[in-house]
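Notes follow once the structure below has been shown.
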Amino acid sequence: MEAAVEVQGAVKSFGLVRAVDGVDLRVFRGEIYGLVGPSGAGKTTLIRMICGLLGRDAGEVRVLGHPIPEGKRHVEGRLGYMPQERALYRDLTVEENLLFFGQLNGMPRGEIRDRIAEILEFMRLSHLAVHLAGNLSGGEKQRLSLACALLSKPELLVLDEPTVGLDPALRQEFWEHFHELKDEGHTILLTTHYLEEAGRCSRVGFMRAGRLQVEGLPAELQARVAQAVGGTPSMEEVFLFFARKGVE
Amino acid sequence: MSAARVWAVTMRVLRQMRHDVRLIAIMLVVPSLAMILFGFSFSGDIRGVRLAVIDEDRTDLTAEIIDSLKGDPTFRVTELPPGQDPEKLLLSGYQAVVRLPDKFTSLYYAHFAMGVATEAHGTLHLWLDESDPQIAAAVRAGVAEALMDIGEGGPVEIEEHPLYGVEVRFIDSFAPAIMGYVVTFICSLLTLLSVVREKVDGTFERLWISPLRRGEFILGYVIAFGMVALVQSGLILGLGKLVFDIVINGSVFWALVCIILFAVGNVGLGTFLSALAQTESQAILLFPLVVLPSVLLSGMMWPLQAIPPVLRPLAYLVPLTYGNRLLRAVMVKGLAPWQEPVGLAGVLGFLVLTVALASVSLRATARE
């Protein structure tokens, strides 16, 4: 299978702290890859390195076949990114935010209008089109932030904690969106610290203390743990199993 | 009310500050700078005005007047041979020209010989650069004082030759300064706040992932604030003309061109300064770094000659010093921008330097 993201031996330290400590990772085209782990595990640092927003101390990163940061230009416009901060212009309306990011990504003017209408509908934000982004609720901001990342129909979507702080109904809705996007052929790399969300990914990697401890299909990981301890372990129990194993 | 809870709040605020080293540094630097600048920048006296003296009479009396002018710290006197064109001297950097014509002394003494009924008197010709009325007033006072030194009530008439055809009032020379100041304030500070906000809100990250280039980002800001600067300058000129009937001797077109050049430099400055602030409150605390030198040291409120010589070199590091000089030359003196080479070079140098620094600081921000 062709890899959309390839990371080899990535290392990044901040002072004495090794935030990412020799990570190897491959995300295949058309899958939803979930980087799961507690806060401070190094997930955000890793994906910022993948997006070329952060330099690294060692290792290689290739995105959509191009080395990062040297080949960043070939990736621009084909990569959609949703940072944790939501990254919206508070003093622009919902529509104006989308228009700006569409223009930056070189979308033709006529196409942008249609696409904005389509994405507002998809994200159920149409009724808020002329509202200022700063006045939206937390969930609405998150939907707009995702809409901005999706607008130019990028091949690869990198989403940093896209569901954090959302109520369960909205989280369910987000995951439905992710699966629709996957079905349309998009590749999604996302981070989450909700362990139960791991089960909804095509593949999942558990990160802890800057290292990728284990990765695989959710069902496969559950089966490995079931074999070792019996029963039907939840994703939380799977994570705790490997976390303890890591400590040992 | 619980003193313990009040104390807890106080300590929490202080602890928050302690964790923000930049904020502490800015909080210490800004008031110190304000005190030093306010305290020393205006000495109250105007010193070192460049005065050219042309003595065509060459007598003991005229020598006495010239000695008296030389003894006055208001002036830096240069004696020049007869035959010079005073207007050209003013354009070449002198701020005033005194000409003591042939027969000055004989007419002066003729007055005493022929008695009070005669109209005979010595005439001193004075050419003044009135683009700064405060300097003009200091020159008038200094010349009058020098004449008093040779004998109170002496029969000397001062004939003034207005360079621009009209008398320039304070408001006329203040309008260009206000334009420069508003552009400094709006362009540099709003750019600073806006760029810091991009950092805080995380929109910067989206920008760097998109195909947007640093140059495009800076140019986008430049065009937006250039337009704002144009509207504001138009407003100042319009209000100045309608309400205060200010004198605009020069070309409004060139004034607006200069304003745009100055605005671009200030957008560059704001972008560069954004590298020094991580939060909006840090950015706001950087404001005085721009505002104070602009108000106190640029020649906007009082002429550079009123700033003590120790601080005067600093004035030449303030962009608005050149902005003022250029805008006053264009609007009050009616010159083309290239006829004020120091002002023009200063504004262009400021533009090139800050835009280059802005590009470097954005590169650093993008890699943080």
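Name the single residue, out of those in region A:28-44 being crowded, with 24+ Cβ neighbours inside 10 Å and outside any loop (DSSP other than H, G, I, E, B), that is nearest to the other protein chains (Cβ to nearest Cβ). Ranking the qualifying residues of region A:28-44, first place goes to A:LYS43. Scan region A:46-69 for residues that are touching a Leu at 6+ places or on another chain (Cβ under 9 Å) and part of a helix (DSSP H, G or I) and the total you get is 4.
Given the structure, is A:ASP24 in contact with a strand residue (DSSP E or B) (Cβ under 6 Å, 6 or more places away or on another chain), away from chain B (no Cβ under 11 Å), within 24 Å of B:PHE204 (Cβ to Cβ) and open to solvent by 10 Å² or more (accessible area, probe 1.4 Å)? No; evaluated as a whole, the condition is false for this residue.
From the list B:GLY334, B:GLY346, B:GLY299, the lone residue that is touching a Phe, Trp or Tyr at 6+ places or on another chain (Cβ under 8 Å), more than 12 Å from B:TRP254 (Cβ to Cβ) and not hydroxyl-bearing (Ser, Thr, Tyr) is B:GLY346.
Listed here are the residues, each with its yes/no results for (1) open to solvent by 40 Å² or more (accessible area, probe 1.4 Å); (2) touching a residue at least 12 places away in the same chain (Cβ under 8 Å); (3) more than 20 Å from A:LEU79 (Cα to Cα); (4) part of a strand (DSSP E or B).
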{"position": "A:ALA169", "(1), (2), (3), (4)": "yes, no, yes, no"}
{"position": "A:HIS179", "(1), (2), (3), (4)": "yes, yes, no, no"}
{"position": "A:GLY185", "(1), (2), (3), (4)": "yes, yes, no, no"}
{"position": "A:ILE188", "(1), (2), (3), (4)": "no, yes, no, yes"}
{"position": "A:ALA198", "(1), (2), (3), (4)": "no, yes, yes, no"}
{"position": "A:GLU215", "(1), (2), (3), (4)": "yes, yes, yes, yes"}
{"position": "A:GLN222", "(1), (2), (3), (4)": "yes, yes, yes, no"}
{"position": "A:ALA228", "(1), (2), (3), (4)": "yes, yes, yes, no"}
{"position": "A:PHE242", "(1), (2), (3), (4)": "no, yes, yes, no"}
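Being more than 15 Å from B:PRO176 (Cβ to Cβ), in contact with a Ser or Thr (Cβ under 8 Å, 6 or more places away or on another chain) and either modelled with pLDDT under 85 or not small (Gly, Ala, Ser) (or both) is the requirement here; does B:ALA315 meet it? It is false that B:ALA315 is more than 15 Å from B:PRO176 (Cβ to Cβ), in contact with a Ser or Thr (Cβ under 8 Å, 6 or more places away or on another chain) and either modelled with pLDDT under 85 or not small (Gly, Ala, Ser) (or both).
Scanning region A:60-87 for residues that are farther than 14 Å from B:TRP208 by Cα, within 12 Å of chain B (Cβ to nearest Cβ) and either in contact (Cβ under 8 Å) with a residue 60 or more places away in the chain or open to solvent by 40 Å² or more (accessible area, probe 1.4 Å) (or both) yields a total of 3. Scanning region A:125-145 for residues that are more than 14 Å from chain B (Cβ to nearest Cβ) and in contact with a helix residue (DSSP H, G or I) (Cβ under 7 Å, 6 or more places away or on another chain) turns up A:LEU125, A:SER126, A:LEU128, A:ALA129, A:VAL130, A:HIS131, A:GLY139, A:GLU140.
The values are calculated or read from the model by the stated rules, or taken from the named source; none is laboratory data. Note that the structure is predicted; figures quoted are calculated from it, not measured. Note that we place each Cβ from the backbone using ideal geometry, even for glycine, and neighbour counts take in every protein chain shown. For the accessible areas, the whole protein counts, side chains as well, though only heavy atoms, and no ligand, DNA or RNA atoms are used. Shrake-Rupley method; radii C 1.70, N 1.55, O 1.52, S 1.80 Å.
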